[in-house]
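Working notes, beginning with the structure itself.
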Amino acid sequence: MYDEQQRPDHGPLAGFTVGVTAARRADELGALLQRRGAVVVHGPALRIVPLADDGELLAATKEIIDRAPDVVVATTAIGFRGWVEAADGWGLGEPLLGRLRGVELLARGPKVKGAIRAAGLTEEWSPASESMAEVLDRLLEEGVAGRRVAVQLHGEPLPGFVEALRAGGAEVLPVPVYRWMPPEDIGPVDRLLDAALTRGLDALTFTSAPAAASLLSRAEERGLLSELLDAFHHAVLPACVGPVTALPLEARGVTTVQPERFRLGPLVQVLCQELPGRARVLPIAGHRVEIRGQAVLVDGELRPVPPAGMSLLRALSRRPGWVVGRAELLRALPGAGRDEHAVETAMARLRTALGTPRLIQTVVKRGYRLALDPAADAKYADG
């Protein structure tokens, strides 16, 4: 009998497949997921315009040098560092730093503060909360009427931030660090979409709002938006690094999961909690069987199962202990056609993959059933 206290030798995400839409830091996120046992499918929903080639950033930099703002808001460490490095590459590094020394420089959080100081500058203030809302409150309390405020953007929308400053009478100069554009090769993101729609993914991760918006836009272009939204509601867990990233999804009525701290590590930890919690656990033929997204744990041992087998197992587990007819199982098989022999073939492979054939019983001339333990029969008597 399986000892539930024994420590499995697989990660908490073993048996689950997770999609990654990120362009920047995709390798880092993928490695964190794989270390915890997940299979990772990467389809960048965006590409980043190289800073050295970004004419908009160059124009904004020159404008700041030519006419100093009253306030500069730095929102991300990597964005601020990238801006200074790009300015160096254009021969404008020292003029830019000279301008920034003479303005009110606000840092959104400690990482940005570190980047500012590494550039030889000193921030005037930084909120303990790392919240742009707190930065906005400070600026509005100071009064922004007639003041020129430069805001270093980082590919993320800042809902209401720029609008509130303008409504307060400020002249706002956006500094577009790391602009996003659609990917040059659309193939990987299309494959990611297809995997989500065919239940080949258990979760889909988003680390930026533009990536979420881009994926939804691509689904709409292909006429698959309603199917993607349905997948999010019933099969694929959408996981966002924070509330700003989730905005495009939530605007479509999609409920997302998010970590309390808006970082990649906590995002992965949320998946480690959520996905195993969604797995079906059943006592079958004296074994503890946990049905995960793309694999099964039998007494804690990970058993990879082919996609057709997972489709059959999910159909059987919806009514554990009850006989499921071949015709119904055939409908559960993707692209199986009308030949019920396909069910027998897939069932044989499923039994082999599980390593314990008696988990599934053949009921002659009727179909198949999971050999639910007698003690559990009452619990599932109503299907």
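Some notes on this structure:
- Computed over the chain, relative contact order equals 16 percent, with contacts defined as Cα pairs under 8 Å that lie 6+ residues apart.
- Cα centre as origin, Lys/Arg/Asp/Glu Cβ charges: region 208-298 dipole, Debye: 280
- The trypsin sites (Lys or Arg not before Pro) found in region 60-102 that occupy coil by DSSP, while having at most 15 further C-beta atoms within 10 Å, are Arg67.
- Calculated log10 I(q)/I(0) by the Debye sum over Cα atoms at q = 0.06, 0.08, 0.11, 0.12 Å⁻¹ (choose from (1) -0.28, -0.50, -0.92, -1.06; (2) -0.33, -0.54, -0.84, -0.93; (3) -0.24, -0.43, -0.81, -0.96), label: (2)
- 5 angstrom amide H check on Leu237, placed H, neighbours 5+ away: Ala203, Leu204
- Under 5 Å from the amide H of Arg280 lie the amide H atoms of Ile291, each residue being 5 or more positions distant or on a separate chain, with H modelled from the backbone and absent for Pro and chain starts.
- Placing unit charges on each Cβ (+1 for Lys and Arg, -1 for Asp and Glu) gives the chain a dipole about its Cα centre, and among Gly200, Ala74, Gly93 the Cα reaching farthest toward its positive end belongs to Gly200.
- Partner aspartates and glutamates whose Cα lies under 19 Å from the Cα of Lys111, excluding those fewer than 8 positions away in the same chain, are identified as Glu28, Glu85, Glu123, Glu124, Glu130, Glu134, Glu156, Glu260.
- Residue ranges 127-134, 350-357 sort as 350-357, 127-134 when ordered by packing (mean number of other C-beta atoms within 10 Å per residue, highest first).
- What the Cα convex hull of region 28-121 gives, in volume per residue, is 123 Å³.
- Peptide packing for 265-275, 208-218, 231-241 was compared via the average number of neighbouring C-beta atoms within 10 Å per residue; ordered from the highest value, the list is 208-218, 231-241, 265-275.
- Amide H partners (placed H, <5 Å) of His42, local residues excluded: Val20
- Charged-residue dipole, Cβ positions (Lys, Arg, Asp, Glu), region 60-108 about Cα centre, Debye nearest 20: 100
- Charge dipole of region 112-171 about the Cα centre (unit charges at C-beta), most positive-ward option of Val135, Leu158, Ala145: Ala145
- In order through region 106-113: 3J(HN,Hα) via Karplus (6.51 cos²θ - 1.76 cosθ + 1.60), integer Hz, x for Gly, Pro: 10, 10, 5, x, x, 5, 5, 4
- In order through region 114-127: 3J(HN,Hα) via Karplus (6.51 cos²θ - 1.76 cosθ + 1.60), integer Hz, x for Gly, Pro: x, 5, 5, 5, 5, 7, x, 10, 10, 6, 7, 6, 8, x
- Computed over region 77-187, the P(r) curve from all C-alpha pair distances, binned at 10 Å from the origin, holds 13, 43, 33, 9, 2 percent per bin.
- Whole-angstrom Cα spans of region 262-335 along principal axes, big to small: 47, 33, 19
- Shape class for region 208-286: oblate, because the ratio a/c of the largest to smallest gyration tensor axis (alpha-carbon atoms, square roots of eigenvalues) is 1.5 or more and b/c is at least a/b.
- Unit charges at the beta carbon, dipole of the chain: most positive-side option, Thr256, Val189, Gln273: Gln273
- Descending Cα extents along the principal axes, region 121-248, whole Å: 53, 29, 29
- Pairs of alpha carbons in region 74-124 separated by more than 12 Å make up 59% of all such pairs.
- Tilt relative to the chain, helix 55-66 - C-alpha long axis, 0 to 90 degrees, to 10: 30
- In units of the compact-protein estimate 2.2 N^0.38 Å, region 279-320 shows a Cα radius of gyration of 1.04.
- Rounded to two decimals, the Cα radius of gyration of region 117-156 over 2.2 N^0.38 Å is 1.33.
- Charge dipole magnitude, Cβ of K and R +1, D and E -1 - region 58-209, Cα centre, debye nearest 20: 240
No value in this document is a laboratory result; all are computed from the given coordinates. Quick caveat: nothing in here was measured; it's all calculated off a predicted structure. Virtual Cβ from ideal backbone geometry, glycine too; neighbours counted across all protein chains shown.
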